């Protein structure tokens, strides 16, 4: 897997500079900014497609902090029913319930939300994709299965399928980066994301988990921006190289297309 160190070295090779010269021109400290600009330019046409998987429930089950295992976990029936005023001090292994705020944070970290809550998208989110959003539901038994169950006592085995969502019935897009769910269930919402977000603390050893062909276009973009300072002609040539390299990149998604519901 490529590292950030490769991006830095490849950029300086395109600039025809060594590290001391780049340091003197204060370029290295700006590379992560230009890399994020490259991501924005790349993802305008070749984004990362990914499903946002959300579980929606009516109410959150109580949780406790297990001091022995040092983890937050769902509360047992004994812990839920325990009342200190009537039952006395809690025995070992029976922990108090966490407050509402901590319970909410625990479930939100697991992408579990209550009906009516707004689900905000992560920082690398770009926009919702024009693909089919789905929900898990039990498939209705066929006429043959109903017949066999009625006359031959054959059990009907429930089948879980992914069915298209009903907009404004199951959920609504309440803003450019938030969803509100109205019914419990397990949902998959297609969206477009940045492949990666660079920050100022990134090190040369940091592995960049993005497709190789897309990563190899980033040094060209950074070099084109850096060359604008004193060599606009070379900058334009590097920008053209970036556009050509980006056009050769392959960005595919295997998401289902939207299904149009018939009116009759």
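Please treat every number below as a calculation from the coordinates, not as lab data. Source: prediction; values computed, not measured. Cβ sites come from the backbone with ideal geometry, for glycine too, and all protein chains shown count toward neighbours.
A few points about this structure:
- Cα-based shape type of the range 59-114, given that a ≥ b ≥ c are square roots of the gyration tensor eigenvalues and the cut on a/c is 1.5: prolate
- Relative to the longest principal axis of the Cα atoms of the chain, the long axis of helix 100-109 lies at roughly 60 degrees.
- Length-normalised contact order of the chain in % [C-alpha pairs under 8 Å, at least 6 apart]: 32 percent
- Just checking the listed ones, 54, 119, 84: in the Gaussian network model of the chain with Cα springs under 10 Å, the one fluctuating most is 84.
- Helix-derived mean residue ellipticity, 222 nm - over the chain, DSSP H n ≥ 4, -39500 (n - 2.57), to 500: -9500 deg cm²/dmol
- Residue exposure proxy: 118, 69, 188, ordered by other Cβ atoms within 10 angstrom of their Cβ from fewest to most, comes out as 69, 118, 188.
- If you take the Cα centroid of the range 210-264 and the Cα centroid of the range 106-138, the two points sit 27 Å apart.
- Here the extension length gained between residue 153 and residue 250 equals 29.6 nm, from 0.36 nm per residue of separation less the Cα-Cα distance.
- Residues of the range 128-158 with amide N under 19 Å of a point placed 7 Å along Cα→Cβ from residue 110: 136
- With Cα atoms, 0 to 90° folded angle of helix 31-43 axis to the chain main axis: 60 degrees
- Between 184, 211, 91, the Gaussian network model of the chain with springs among Cα atoms under 10 angstrom shows the greatest mean-square fluctuation at 91.
- Candidate values [x] 35, 19, 19; [y] 48, 30, 15; [z] 60, 25, 13 were compared with semi-axes √(5λ) of the Cα gyration tensor in Å computed on the shown model; the agreeing label is [y].
- Sites residue 123 and residue 228 - FRET efficiency at Förster radius 25 Å, r taken between beta-carbons, to 0.05: 0.35
- Highest mobility in the GNM of the chain, judged by mean-square fluctuation with C-alpha springs under 10 Å and restricted to 57, 71, 174, is found for 71.
- Between 0 and 90°, nearest 10: helix 218-227 axis offset from the chain longest Cα axis: 40 degrees
- Least to most buried among 226, 43 (fewest other Cβ within 10 Å first): 43, 226
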